[in-house]
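The values are calculated or read from the model by the stated rules, or taken from the named source; none is laboratory data. These numbers come from a predicted model, not from an experiment. Virtual Cβ from ideal backbone geometry, glycine too; neighbours counted across all protein chains shown.
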Amino acid sequence: MEQELFSDKLLPAAIALVMLGIGTGLRIENFTSIFRHPRSIFVGLGGQMLFLPAFAFLIAIIWPVDPIFKVGLIILAACPGGSASNLITYILNAKVALSVSLTAINSFLILFTVPLFVSVAQTVFMRETSNIVLPFWNTVGEIALTVILPCAVGVLLNHLFNRTMERIQQALKFIMTGVLLVVFIGVFLASENDDSISLFDQPIVLIAALLLNVGAFFGGVFISEFFGLPSKEKVTIGIEVGLQNSALAIFVASSLLGSNEMAMVAVMYSLFSFFTTFFFGWVSLYWIRWKGVAGRFKKW
């Protein structure tokens with residue numbers, strides 16, 4: 001009951017509030033400029049939909065854990081992006097419009113990719129297949145109500161009351177982070193009350209989840225580097241590829257597949273991924289800036 005309250009009621013409300021706040025720092029031109037030059041969109045989607053699942057399968061193949069946890073790792077990798085990645089991008093002043101656009105697009109794509117990757121994972125690691133179908137209209141409605149509409153309202157507020165929105169941006173960063181963290185902690189504590197999930201009985205699973213987070217982040221950055229994207233776009237794509245939608249992964253594993261063991265991977269992942277991704281994003285931005293300054297000194 002507690003878990004349903006947090007995951008079904010408070011979490012969507014918190015996500016919508018966060019997206020509203022993020023929207024207040026954006027203008028329509030931020031989105032139009034991205035879609036006029038869509039290379040970063042294609043690179044980000046490639047990182048999320050191709051590199052990320054491939055990297056997760058590599059970890060699952062070589063990592064010495066029970067096959068059911070291997071499938072749980074693939075489920076997690078099949079659920080890229082989410083409001084947490086948007087919030088980190090916003091706090092770090094990276095490319096927020098790119099982050100929100102990738103979240104919106106991949107939220108539709110996962111309707112098809114999640115069943116595919118989960119089916120392949122079950123066949124490879126467990127020699128069985130469960131046909132899962134994400135509820136199309138429910139998912140589309142949730143995306144619209146928690147991501148697209150609140151962000152659009154925020155953009156409208158910024159257009160109408162620009163000076164006021166600019167004054168409250170710094171405060172909003174702390175408020176939105178606090179709201180999202182409180183609700184995620186609530187989801188975690190509610191999950192802990194489930195006796196069938198023993199989070200710390202499998203530390204090697206925790207390490208695998210951490211490896212997915214770290215490797216996916218830097219993989220996203222290096223892919224962006226290869227395609228010559230600007231600094232802020234590199235870090236934004238690293239955040240988008242590196243931070244998975246653990247709430248969706250828990251839903252797929254526990255509700256659609258009926259496996260708390262598979263869901264445990266995503267629950268573990270949610271303990272640290274926000275903080276590690278924020279840290280790597282912050283370090284990467286400052287490293288890129290330092291390299292730029294150092295390069296200018298060399299020219300002198």
Residues that are at pLDDT below 90, at least 2 per element: which helices (runs of 4 or more DSSP H) completely within the range 184-300 meet that? 203-226, 246-250, 260-299
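Residue-wise test of (1) β-branched (Val, Ile, Thr); (2) more than 23 Å from GLU142 (Cβ to Cβ); (3) in contact with a Phe, Trp or Tyr (Cβ under 7 Å, 6 or more places away or on another chain); (4) surrounded by fewer than 22 Cβ atoms within 10 Å (Cβ to Cβ).
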position: VAL18; (1), (2), (3), (4): yes, no, no, no
position: GLY23; (1), (2), (3), (4): no, no, no, no
position: HIS37; (1), (2), (3), (4): no, yes, no, yes
position: LEU58; (1), (2), (3), (4): no, yes, no, yes
position: GLY72; (1), (2), (3), (4): no, no, no, no
position: LEU76; (1), (2), (3), (4): no, no, yes, no
Among residues of the range 84-104 being assigned to a loop (DSSP other than H, G, I, E, B) and of a type in the set (A, V, I, L, M), the residue surrounded by the most Cβ atoms within 10 Å (Cβ to Cβ) is ALA94
When GLY81 is run through (1) of a type in the set (Gly, Ala, Ser); (2) at negative phi; (3) buried (at least 22 other Cβ atoms within 10 Å of the Cβ), the failure sits at (2)
Condition first: surrounded by fewer than 24 Cβ atoms within 10 Å (Cβ to Cβ) and either closer than 11 Å to VAL221 by Cβ or among the hydroxyl-bearing types (Ser, Thr, Tyr) (or both). Now tell me which residues in the range 236-255 satisfy that. SER254, SER255
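Within the range 5-15, can you find the residues that are at pLDDT 70 or above and surrounded by fewer than 19 Cβ atoms within 10 Å (Cβ to Cβ)?
Here is the first cut: in the range 5-15, the ones at pLDDT 70 or above are 10-15.
Matches in the range 5-15: LEU10, PRO12, ALA13.
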Given the conditions (1) within 20 Å of the chain's Cα centre (by Cα); (2) under 27 Å from LEU50 (Cα atoms), report the number of the one that PRO150 does not fulfil. (2)
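Condition check ((1) farther than 30 Å from GLY21 by Cα; (2) assigned to a helix (DSSP H, G or I); (3) free of Cβ contacts under 8 Å to residues at least 12 places away in the same chain) across all residues:
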| position | (1), (2), (3) |
| --- | --- |
| THR32 | no, yes, yes |
| ILE59 | yes, yes, no |
| ILE68 | yes, yes, no |
| ASN106 | no, yes, no |
